[in-house]
Amino acid sequence: MRLAILFLILFAGAAEAREVSLGREGTSNVFVWRDNDAFSEAVNLISSGVMKTNPQLIMRLMTCVVDAGTKAVVTDGGFFSSTILVTSGTEAGCRGMIPNEDIRN
């Protein structure tokens, strides 16, 4: 019985993680945000024009910036955003949240 429960837990976790490429059509970079709250804060700051006068306030909300086409593993998929782990390039190991529009299968 314990073995069956362990198998179900491992199988459910493996089904969630999938390798993807990052980046929307026509973009060269993908911003990886610390979490959903950081992304929401960044959207509000950008809307208010802060990006033009003080971009460091936005940059502190990111964990990294990767090139479009960078490989990553989705570790937790949501309806609007997903948590990813970058697996290729100079930022391999970077973790964070991206909007689902930045995921290419």
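Quick notes on this one:
- Table column - 3J(HN,Hα) (Hz), the range 52-62, Karplus curve with 6.51, -1.76, 1.60, x for Gly and Pro: 6, 9, 8, x, 4, 5, 7, 4, 5, 8, 9
- Taking the Cα centre of the range 17-104 as reference, the dipole from Cβ charges on Lys and Arg (+1) and Asp and Glu (-1) amounts to some 120 debye.
- The phi torsions of the range 37-48, fed into the Karplus equation with coefficients 6.51, -1.76 and 1.60 and a -60° offset, translate into couplings of 5, 5, 4, 4, 5, 5, 4, 5, 5, 5, 4, 7 Hz, rounded to whole numbers, with Gly and Pro shown as x.
Rule-based calculations on the coordinates, nothing more; no lab input. Since the structure is predicted, the reported quantities are computational estimates derived from the model, not experimental observations. Cβ sites come from the backbone with ideal geometry, for glycine too, and all protein chains shown count toward neighbours.
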